[in-house]
Amino acid sequence: MLVQFIAVIFPYWPLLIVLALLSRLVRNKFNHGLNKYPGPLAAGFTDWWRFIDVYKRKPERTHIELHRKHGDIVRLGPNVLSFADPTAIKTIYGLNKGFTKSEFYPIQQATSKGRRLESLFSTLNEDYHAKYKRCVNSAFTMSNVVTYEPLVDSTLAVFIQRTKELFIEQDQRCNFSQWLQFFAFDVIGELTWSKRLGYIEQNIDVGGVVTFIGNFLSYSAVTGQIPFLDLLWNKNPLKLKWEALGLTKKVFPVTKFALDRAAERQGDVEEKSGGIDLLTKFRQAQIDHPEFMTDAQVLASCTSMIFAGSETTAISLSSIFYHVAKHPRVYTKLMAELDEAAATGKIVHRRNLEVSWTEAQQLPYLDAVIQESFRLHPAAGLILERYTPPQGIEICGEYVQGGVIVGCNAWVIHRRKELFGEDVDIFRPERWLEASPERLKAMSAAMFQFGAGARTCIGKNISLLEIYKLVPTFLRNFKIKMDCDDWKTHNAWFVTQREFWTRFELREYPLRV
């Protein structure tokens, strides 16, 4: 009977395939009732639309345009909704709301001996995340982070000196985004292993890790739109099995880098850092929580520092220096604030004109410049995906069924005219100083560059420490001139800057009073 049935339908197999495909497309279109939401026509039928859009490397611009055209809710895929209303942040990313991360995140997991290294960022298991965070969270609180300031100072001093040697004494132009990433990477080396990694001293991509991370994030951004593809390539179960059995000698580069740095540093941490670096704290957490914190978690924590600790900070630093260089009025006003603070003793005179964390917190225009740079160019350039809880939930007055991917894109949220004014596409730090207390509170609540809720970037305070120290210190030492018409951006999940060429001049520092 079965053979006869197959014989009858076999001549029609092309038609059957077409019908199956059409059936799938129709089901996608009406999936979870999302057909009522506006968006690109193709996005309602297939995730390949967003795959291609991300592959073009400008999805943040696409999202801005779509929301300006269609409003607060836009459909980006058969099962994906993007929200532009800042009030959605509390619902989607708030505590105990029942939302969970999507399959986009595990793509970014490192591997070791054929096993995935689940990090705070990449894990989908909320219970695992809560336990993991309890183990390491104290290392990232601001009260602890300020104790790392001497380690940042050490790298900052070398960075200022090498900038003079490489780009002033040799009269060379600087690929500034790359140079800032080298700084951020060496800071991560100091903070994690009590040792700079050689990026600044050698002015090279040590071990090719910066290049690898850039390529890996480019892969993750695109593949993350159809996560199943990762199982066919990087996280192929057969490939991981071969690694576990030792049948392949290939090692995930970031994992190897972290292991090598830990081996180099073994035994001399107390001498170099007084035991304040992050690896010390991760290992202490292992002692305090042996039932959960294993060698794998320690390694995952270190690889996370490599992955996220340099890329996002370098992007933010590049944004700040770019906008200051492009807006002479802002530069003049900021330098007047720094000079006055130095003249009145708010900034103490130090070697390399370094500014402390505490001093930087007392400079309102500096803070406004940094916040405005965060606003116009946040690091992440895609929606931070979450699944709605099984029972469904109301978001911005709309009931959304369970199992739908929803999220917000900082590039969209940060251009909300009701909050930030009609001139949202213009760099104007004064908006942060002119706002009423109520408006300022709303603006600050909508800032999404570090995420929100329980999954807020755990390294946020470290990034802020680097930024608030480097920006004023660098500007007190050097004048920055653009040596290109404009930079180019590349959305690889994080919106990196390329071809940001600059030249530097030593600044004539006003006499102290």
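Quick look at the numbers
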| read-out | value |
| --- | --- |
| Subset of segment 62-75 [in contact (Cβ under 8 Å) with a residue 24 or more places away in the chain and under 19 Å from TRP48 (Cα atoms)] | HIS63, LEU66, VAL74, ARG75 |
| Residues of segment 420-442 classified as closer than 19 Å to GLY453 by Cβ and open to solvent by less than 10 Å² (accessible area, probe 1.4 Å), total | 0 |
| Restricting segment 227-263 to residues that are open to solvent by less than 30 Å² (accessible area, probe 1.4 Å), under 30 Å from ARG498 (Cβ atoms) and out of contact with any strand residue (DSSP E or B) (no Cβ under 6 Å at 6 or more places or on another chain), the residue that is modelled with the highest pLDDT | ASP230 |
| Count - residues of segment 334-343 that are touching a Pro at 6+ places or on another chain (Cβ under 7 Å) and open to solvent by less than 10 Å² (accessible area, probe 1.4 Å) | 1 |
| Test: TYR387 is of a type in the set (Phe, Trp, Tyr) and within 30 Å of HIS490 (Cα to Cα) | yes |
| Total residues in segment 344-364, condition outside any loop (DSSP other than H, G, I, E, B), closer than 13 Å to ARG476 by Cα and open to solvent by 20 Å² or more (accessible area, probe 1.4 Å) | 3 |
| Residues within segment 99-145 that are touching a residue at least 60 places away in the same chain (Cβ under 8 Å), in a loop (DSSP other than H, G, I, E, B) and more than 18 Å from the chain's Cα centre (by Cα), tallied | 4 |
| GLY402 vs. criteria assigned to a loop (DSSP other than H, G, I, E, B), touching a Pro at 6+ places or on another chain (Cβ under 7 Å) and either under 27 Å from HIS70 (Cβ atoms) or open to solvent by less than 20 Å² (accessible area, probe 1.4 Å) (or both) | yes |
| ALA157 being in contact with a Lys or Arg (Cβ under 8 Å, 6 or more places away or on another chain), part of a helix (DSSP H, G or I), over 15 Å from GLY459 (Cβ atoms) and not basic (Lys, Arg) | yes |
| Checking ASP425 against (1) outside any helix (DSSP H, G or I); (2) under 19 Å from the mean Cα position of the chain (by Cα), the condition it does not meet | (2) |
| Unmet requirement for LYS417, which otherwise passes all of (1) touching an Asp or Glu at 6+ places or on another chain (Cβ under 7 Å); (2) open to solvent by 30 Å² or more (accessible area, probe 1.4 Å) | (1) |
| Options THR163, THR192, THR211; residue that is in contact (Cβ under 8 Å) with a residue 40 or more places away in the chain, surrounded by fewer than 24 Cβ atoms within 10 Å (Cβ to Cβ), polar (S, T, N, Q) and assigned to a helix (DSSP H, G or I) | THR163 |
| Per-region count, segment 178-189, residues buried (at least 24 other Cβ atoms within 10 Å of the Cβ) and over 15 Å from PHE478 (Cβ atoms) | 8 |
| Those residues of segment 85-116 which are open to solvent by less than 30 Å² (accessible area, probe 1.4 Å) and on the phi > 0 side of the Ramachandran plot, in sequence order | GLY114 |
| Single condition ILE52 does not satisfy, out of (1) farther than 27 Å from LEU22 by Cβ; (2) surrounded by fewer than 18 Cβ atoms within 10 Å (Cβ to Cβ) | (1) |
| Segment 78-98, residues that are touching a Gly at 6+ places or on another chain (Cβ under 7 Å), at pLDDT 95 or above and assigned to a loop (DSSP other than H, G, I, E, B) | PRO78 |
| Condition broken by GLN172, with the remaining ones in (1) part of a helix (DSSP H, G or I); (2) modelled with pLDDT of 95 or more; (3) of a type outside the set (A, V, I, L, M); (4) touching a helix residue (DSSP H, G or I) at 6+ places or on another chain (Cβ under 7 Å) satisfied | (1) |
| Extreme residue, surrounded by the most Cβ atoms within 10 Å (Cβ to Cβ), among residues of segment 264-280 that are in a helix (DSSP H, G or I) and at pLDDT 80 or above | LEU278 |
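Per-residue answers, yes or no, for (1) part of a loop (DSSP other than H, G, I, E, B); (2) within 21 Å of ILE188 (Cα to Cα); (3) touching a residue at least 12 places away in the same chain (Cβ under 8 Å):
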| site | (1), (2), (3) |
| --- | --- |
| LYS441 | no, no, no |
| ALA445 | no, no, yes |
| ALA454 | no, no, yes |
| CYS457 | yes, yes, yes |
| GLU466 | no, yes, yes |
| VAL471 | no, yes, yes |
| LYS479 | no, no, yes |
| ASP486 | yes, no, no |
| GLU505 | no, no, yes |
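Yes or no, residue by residue, for (1) part of a loop (DSSP other than H, G, I, E, B); (2) modelled with pLDDT under 95; (3) touching a Gly at 6+ places or on another chain (Cβ under 9 Å); (4) open to solvent by 20 Å² or more (accessible area, probe 1.4 Å):
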{"site": "PHE282", "(1), (2), (3), (4)": "no, yes, no, no"}
{"site": "GLN286", "(1), (2), (3), (4)": "no, yes, no, yes"}
{"site": "ILE320", "(1), (2), (3), (4)": "no, no, no, no"}
{"site": "HIS323", "(1), (2), (3), (4)": "no, no, no, no"}
{"site": "GLU372", "(1), (2), (3), (4)": "no, no, no, no"}
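The values are calculated or read from the model by the stated rules, or taken from the named source; none is laboratory data. Remember, it's a predicted structure, so these values are computed and weren't measured experimentally. We place every Cβ from the backbone using ideal geometry, glycine too, and count neighbours over all the protein chains shown. Heads up: the accessible areas ignore ligands, DNA and RNA and are worked out on the full protein's heavy atoms, side chains in. Shrake-Rupley method; radii C 1.70, N 1.55, O 1.52, S 1.80 Å.
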